[in-house]
Each structure stands twice: as C-alpha cells, then as structure tokens.
Amino acid sequence: MYGQISKQVFLFVVLCLFSCATLCGCVLRSLTIDSSPAGAMVYLDDEPIGETPVTTTFTYYGTRKITLEKIDAEGRLLYERKIVYEKIKAPLYQIFPFDFFSEIVIPAKLKDEHYLTYQLEPLKQLPKEEIQNSVIKNAGELRERLRMPVSR
C-alpha cells in the first residue's frame, strides 16, 4: 500500500513538472533596424548582423552600439558611417518582480519588438585641392615626428 501511494505521488509530481515545462511562457525579443537608403551593413555591438532591413533577436536590455555603413562593390563608402548608442528599454512586464510571471507563470508567448530607423547622409566629397593640401600637411607632420629624437 505504501509503495502504491509513493508511485502515485511520484507520478503526480512528474505530471506537474511536465505540464509546467510545456505550459510556461516566454518573451520573444526582437530588434529590427532599417535605414534610408536600404542595403546598409549593420553591426550590433561591433558584430555584423546583415543588411538593412534586418531583424535579430536579443536576450538582454540596455545600451547597444549600432553601426551602419553603405559601401559599393569595391568597398568605398557611399554614405557617411553612422554610429549610434541606442538604449533598449525593458517593458514593464520584464522588470523585477513582474518578469517572473511573464517568463515562467503565464502560459503565453509575449513579443517585445523594437523598431529603429536611421537616415544615412551622403558622403561629402572634398575638392581635389583640399585633399591634396591635407595629404601634404599630414606628410609634413609625419616628417617632423621622424626627425625628433626618441627619448627613453
């Protein structure tokens, strides 16, 4: 008799754990980055994730470094490189202690989607004389640095 009750308790506990594992909820977090013009390469925290428009998932909230650059087939920049630090804020149901219920207790999948759009600025072409003067100035500065004795 005692063995029969322990089997029933064991079966009940296993059934409860199984139902909790299959019915518990979760939060699906996604970040979509778009740009105008489309087709810019996106780096999230210095890791390439694709060309705009691009959607990726993430685990943690906080400040993220987003870099966008649009280049041609030869690797030359067509637009100014854009580097921004975006604060991805957690929704109310993801703040302690509510996150316990949204992640474990509620038997539903919640979606937290963030959309970011950026406008890329065209690359400014400097006049040829200005580029030449800049190169000559940089060469002169390097020459002066080479002539200086190294102090140890």
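Throughout, read-outs are computed from the coordinates displayed, never taken from laboratory work. What you see is a predicted model, and the numbers here were worked out from it, not measured in a lab. Please note: Cβ atoms are built from the backbone with ideal geometry, for glycine as well, and neighbour counts cover all protein chains shown.
Only Cα pairs under 8 Å and 6+ residues apart enter the sum, and on that basis the relative contact order of the chain stands at 27 percent.
Here, the chain is characterised by an Rg to Rh ratio of 1.33, where Rg is the alpha-carbon radius of gyration and Rh the Kirkwood radius. Scoring 83-95, 35-47 by mean Cβ neighbours within 10 Å over their residues and listing the highest first yields 35-47, 83-95. Taking a Cβ cut-off of under 13 Å around Val135, the surrounding Lys, Arg, Asp and Glu residues balance to a net charge of 0, with basic ones at +1 and acidic ones at -1.
Annotated for region 26-127: lysine pairs at least 8 residues apart or interchain, Cα distance under 27 Å, count 13.
Under 5 Å from the amide H of Ile106 lie the amide H atoms of Gly25, each residue being 5 or more positions distant or on a separate chain, with H modelled from the backbone and absent for Pro and chain starts. Legend: calculated FRET efficiency, Glu144 to Ile49, from the Cβ-Cβ distance at R0 = 25 Å, rounded to 0.05, equals 0.05. Each of Leu126, Phe98, Ile33 was scored by the projection of its Cα onto the charge dipole of region 32-152, and the greatest displacement toward the positive side belongs to Leu126; charges sit on the C-beta of Lys, Arg, Asp and Glu. Residues whose amide H falls under 5 Å from that of Ile71, counting only those 5 or more places apart or on a different chain, are Met41, Leu78, with hydrogens built in the peptide plane.
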